[in-house]
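The values are calculated or read from the model by the stated rules, or taken from the named source; none is laboratory data. What you see is a predicted model; the values in this text were computed from it and never measured. Every residue, glycine as well, gets a Cβ built from its backbone with ideal geometry; the counts of neighbours run over all protein chains shown. Calculation scope for accessible area: heavy atoms of the full protein, side chains included, ligands and nucleic acids excluded. Shrake-Rupley method; radii C 1.70, N 1.55, O 1.52, S 1.80 Å.
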Amino acid sequence: MSLTYENYLKIRELVALQQVQSDPPEHDETLFIVIHQVYELWFKLLLHEMDRVKIQLTTDDLYGAVATFQRMRTVMKTLVSQLDILETMTPMGFNSFRARLESASGFQSAQFREFEFALGYKRESVLALHESNSAAHVALVKRFRERTVVDHFYDFLEQHGFDLPVELKNKDVAESTIAHPAVEEAVFRLYKEDRGVAILLELMTDFDEGLQEWRYRHVKMVERTIGMKIGTGGSSGAEFLRKTLFQPVFPDLWNVRYRL
Ligand code: HEM
């Protein structure tokens, strides 16, 4: 059989994946499923791009890292703007099938947690959310034990002549990123002395800001759709999500800004 649009992209299989739980089917549930599946595809791409940017940073491939971060921040902006589509669903529209979701929640998105881990936001407690030896658990454990984008960014700084302190070089990969004055100083000097690297630093900041925007827009969407109700995942809902706001994944890029 020759290759066609349909069999190359597995369109038949793809469009068969949106199976509503409501019976009779509630109109808005199809939107709800499609948008979550689209998010998961973008998460998949972001993880793929992050694997590439790590190598680019470690090998000091500046143009490559700029191109990859450009793509990643553009996907991030799309993730934010897509929430507009979901906000066309009213609280009544959501309520028409919400009970059918049982305890299912975006909170259980393994790829989102992989994404957080790969960026340096690590919490061992997240691993317990997935059954051990399931594909999700295996993927998460791998990311948990893997060096992060920030660890690879430290390699990049070393390639640019900055001798980072031993506590950063030998940092336990399972620990979350913490801001460090030596990184802030290196970033400060690069901003002042290397315009090419400054472009990369701005793209990384765009990406970080985009992720914070996504969290903010998601909370607002949650507030307007379910108000003060608890989440299907069992958390306090919007109140829980508000605690995740305004936390950068590249803290040194934000700390340095008052000096620039
Ligand atoms: C009507 C739409 C939505 C509502 C009402 C909603 C509600 C919530 C709530 C209440 C939580 C907190 C955990 C819980 O108790 O369930 C949560 C977490 C989460 N949701 Fe949504 N959500 C919606 C759409 C989405 C979409 C489209 C995505 C995209 C993948 C998403 C991804 C996530 C993620 C990743 C978390 C975990 C956030 C964290 O722990 O920092 N949600 N959501």
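How many of the residues in the stretch 202-214 are open to solvent by less than 50 Å² (accessible area, probe 1.4 Å) and away from the ligand (no atom under 12 Å from the Cβ)? Residues meeting the conditions: 6.
For the stretch 146-160, the criterion of a residue being open to solvent by less than 60 Å² (accessible area, probe 1.4 Å), without any contact (Cβ under 8 Å) to a residue 40 or more places away in the chain and under 30 Å from Glu29 (Cα atoms) is satisfied by no position. The helices (runs of 4 or more DSSP H) located wholly in the stretch 19-86 that include 2 or more residues which are charged (D, E, K, R) and over 12 Å from the mean Cα position of the chain (by Cα) occupy 27-58. Here Val20, Val38 are screened, and the one residue that is touching a residue at least 40 places away in the same chain (Cβ under 8 Å) and under 30 Å from Glu124 (Cβ atoms) is Val38.
Scanning the stretch 235-250 for residues that are near the ligand (Cβ under 10 Å from one of its atoms) and either open to solvent by less than 30 Å² (accessible area, probe 1.4 Å) or out of contact with any helix residue (DSSP H, G or I) (no Cβ under 8 Å at 6 or more places or on another chain) (or both) yields Ser236, Gly237, Ala238, Glu239, Phe240, Lys243, Leu245.
When Ala139, Ala104 are screened for being part of a helix (DSSP H, G or I) and either surrounded by fewer than 19 Cβ atoms within 10 Å (Cβ to Cβ) or in contact with a Leu (Cβ under 8 Å, 6 or more places away or on another chain) (or both), only Ala139 passes. Here Ile199 passes the criteria (1) aliphatic (A, V, I, L, M); (2) closer than 22 Å to Glu124 by Cα; (3) open to solvent by 20 Å² or more (accessible area, probe 1.4 Å); (4) outside any loop (DSSP other than H, G, I, E, B) except the one numbered (2). Buried (at least 19 other Cβ atoms within 10 Å of the Cβ), touching a residue at least 12 places away in the same chain (Cβ under 8 Å) and either in contact with a His (Cβ under 7 Å, 6 or more places away or on another chain) or farther than 18 Å from Thr177 by Cβ (or both): does that describe Ala118? No.
For (1) away from the ligand (no atom under 12 Å from the Cβ); (2) open to solvent by less than 60 Å² (accessible area, probe 1.4 Å), each residue gets a yes or a no:
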{"position": "Ile35", "(1), (2)": "no, yes"}
{"position": "Gln56", "(1), (2)": "yes, yes"}
{"position": "Gln82", "(1), (2)": "no, yes"}
{"position": "Ser109", "(1), (2)": "no, yes"}
{"position": "Ala128", "(1), (2)": "yes, no"}
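Quick check on the stretch 215-234: of everything there that is more than 7 Å from the ligand (Cβ to nearest atom) and part of a loop (DSSP other than H, G, I, E, B), which residue is least open to solvent (accessible area, probe 1.4 Å)? Among those that are more than 7 Å from the ligand (Cβ to nearest atom) and part of a loop (DSSP other than H, G, I, E, B), it is Gly227.
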